[in-house]
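Asker: This structure is in structure tokens; I'll ask about it shortly.
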Amino acid sequence: MVFVEQEYFDHANYEGGKKMSRFLRVPNRYLVICVAILVFLAMTFAGGCAPEEPAVDEPVEDPAEEPTEDPAEEPAETVELVLCHFMAPMHPLHVNVLEPWAEEVSARTDGRVEIYNYPANELVAAGDNFSATLEGVIDIGFVLPAYTPGRFPLTEFLEYPFMFSSPLQSNLTAWELMETHPALRETEYADVEVLWWGTTDLGHFLMTEPVETMEDLQGLEIRSPGPVYNDVLAELGATPVTMPVPEVYDAIDRGIVDGTLLPYSTLYSFSLDEVVDYVLELDMYATPLHMVANKDAWAQISPGDQEIIRELLDEFPRTIGEQYEREAAEGKELAEEAGITIKELSPEEAQAFRDQLEPLIEEWLDEKEADGLPAREVYELMQEIAEKHE
């Protein structure tokens, strides 16, 4: 910044005006432009008046000769991506997985790719997350497919009853299935870039009164996690009540429902240990999750940086599975400390539940096959992969 003296008449403080002087701040770029113009005019004038120099043969460049120095490359523009998810800012998955991943992407790409996490549905509602990703409202969506019922019929297999015995198994199985069978990408995720596909920890009956058998469930009002478990609860003799997880505490506390199907981790993440008295431990289901990117946003990233991000995402099935295992263990420990009664079924008792629900699974598969989906093929492959990771 430079200063230029300017004369002017001060009418504000001196009646009739008085010649004054002041200094104006002139940005350096304007001074440089003025100096350049003056130099140009001076050289033009000097060139016109100077005697003509005799012509000199210019050296001829050898095309085979290598240039001594490459021109400097322009730095690549930073690609900034917005990720929105449904979890609270202090949720372990946000703190221990998504935030470190975004930092690692930035570090490994030397800042060429920056990912900004927006938790708690800050940008779009959970039910709009997938559509918002498709339309480019957000660049990356991380959400439960169950929030858009009917849109992901093959994804529903992950929440079928008694598919898994641990969240690590469910997450390793889910990603291997996605990588193995093309039907998932082609029928349900063709319009997005799938970054990760997995599950939460496993769900159990969290109740206000003792439940140890199917007979104990008869007539009870139980919160359902979605359409699949509306059918399951009805088949077991209970009455399903659909509501978002944040409303469960109040519903149990006020006696609107007698309990809920949810993982152990919700005892502390939603303070349900304060209203739940009994747990029927069944490892009944896992809730599917997916993380998908808008295709145009993903295409902005160079192939090299895409490969770096993919390498980091390869760790997600194990990282997230192990994270949910820790959360489940902490939730069960909290239940024990809070004096919540836990019923662990014997193999024979658990088999009674399985036998009751097997016809329902067959009915679902028949319906999907009738819709032209390779349902049995995908379901049986998932069972094979799950056995491998058991």
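The values are calculated or read from the model by the stated rules, or taken from the named source; none is laboratory data. Just so we're clear, the structure is a prediction, and the values are computed from it rather than from any experiment. Counting neighbours? That spans all protein chains shown, and the Cβs are built from the backbone with ideal geometry, glycine included. Keep in mind that these areas ignore ligands, DNA and RNA; they rest on the heavy atoms of the full protein, side chains included. Shrake-Rupley method; radii C 1.70, N 1.55, O 1.52, S 1.80 Å.
Asker: Which residue out of 273, 283 is open to solvent by 10 Å² or more (accessible area, probe 1.4 Å) and touching a His at 6+ places or on another chain (Cβ under 8 Å)?
Answerer: Values: 273 fails: touching a His at 6+ places or on another chain (Cβ under 8 Å).
Answer to the check: 283.
Asker: Six or more apart or on different chains, Cβ atoms under 6 Å: show the pairs whose first residue is in segment 174-189 and at positive phi and whose second is part of a helix (DSSP H, G or I).
Answerer: Pairs that qualify, where the first residue is at positive phi and the partner is part of a helix (DSSP H, G or I): there are none.
Asker: Mind telling me which of the residues 122, 176 ends up being in a helix (DSSP H, G or I), surrounded by fewer than 21 Cβ atoms within 10 Å (Cβ to Cβ) and charged (D, E, K, R)?
Answerer: Going through 122, 176 in turn, just one is in a helix (DSSP H, G or I), surrounded by fewer than 21 Cβ atoms within 10 Å (Cβ to Cβ) and charged (D, E, K, R): 176.
Asker: Hey, any hits in segment 265-279 for a residue that's within 30 Å of residue 192 (Cα to Cα), within 21 Å of the chain's Cα centre (by Cα) and of a type in the set (A, V, I, L, M, F, W, C)?
Answerer: No, because not a single residue in segment 265-279 is within 30 Å of residue 192 (Cα to Cα), within 21 Å of the chain's Cα centre (by Cα) and of a type in the set (A, V, I, L, M, F, W, C).
Asker: Moving to a separate point now. Looking at segment 262-269, is at least one residue under 20 Å from residue 84 (Cβ atoms) and open to solvent by less than 60 Å² (accessible area, probe 1.4 Å)?
Answerer: Looking through segment 262-269, at least one residue is under 20 Å from residue 84 (Cβ atoms) and open to solvent by less than 60 Å² (accessible area, probe 1.4 Å).
Asker: Right, something else. I need the strands (runs of 3 or more DSSP E) fully contained in segment 192-261, keeping only those with at least 3 residues that are surrounded by 22 or more Cβ atoms within 10 Å (Cβ to Cβ).
Answerer: 192-207
Asker: Being of a type in the set (Phe, Trp, Tyr), exposed (fewer than 15 other Cβ atoms within 10 Å of the Cβ) and farther than 25 Å from residue 325 by Cα: is that true of residue 189 here?
Answerer: So residue 189 does not fit the description; no.
Asker: Are any of the residues in segment 123-133 at pLDDT below 95 and either within 20 Å of residue 228 (Cα to Cα) or among the β-branched types (Val, Ile, Thr) (or both)?
Answerer: yes
Asker: Let me ask something else about it. Filter segment 207-226 for residues that are in contact (Cβ under 8 Å) with a residue 24 or more places away in the chain and small (Gly, Ala, Ser); which is farthest from residue 251 (Cα to Cα)?
Answerer: 226
Asker: Same structure again: Just to be sure I understand the filter: pairs with C-beta atoms under 6 Å, separated by 6 or more residues or on different chains, first member in segment 304-326 and closer than 18 Å to residue 178 by Cα, second member open to solvent by 40 Å² or more (accessible area, probe 1.4 Å) and among the charged types (D, E, K, R). Which pairs pass?
Answerer: Listed pairs, sorted by first residue: 312/104.
Asker: For segment 251-262, does any single residue satisfy the condition of being modelled with pLDDT under 95 and either touching a helix residue (DSSP H, G or I) at 6+ places or on another chain (Cβ under 9 Å) or farther than 24 Å from residue 161 by Cβ (or both)?
Answerer: No, there is no match, as no residue in segment 251-262 is modelled with pLDDT under 95 and either touching a helix residue (DSSP H, G or I) at 6+ places or on another chain (Cβ under 9 Å) or farther than 24 Å from residue 161 by Cβ (or both).
Asker: Scanning segment 95-110 for residues that are without any contact (Cβ under 8 Å) to a residue 40 or more places away in the chain and open to solvent by 20 Å² or more (accessible area, probe 1.4 Å), which turns out farthest from the chain's Cα centre (by Cα)?
Answerer: Among those residues, the one meeting the criterion is 110.
Asker: Kindly indicate which of 161, 167 is open to solvent by less than 20 Å² (accessible area, probe 1.4 Å), modelled with pLDDT of 95 or more and either aliphatic (A, V, I, L, M) or touching a Pro at 6+ places or on another chain (Cβ under 9 Å) (or both).
Answerer: Being open to solvent by less than 20 Å² (accessible area, probe 1.4 Å), modelled with pLDDT of 95 or more and either aliphatic (A, V, I, L, M) or touching a Pro at 6+ places or on another chain (Cβ under 9 Å) (or both) holds for just one of 161, 167, which is 167.
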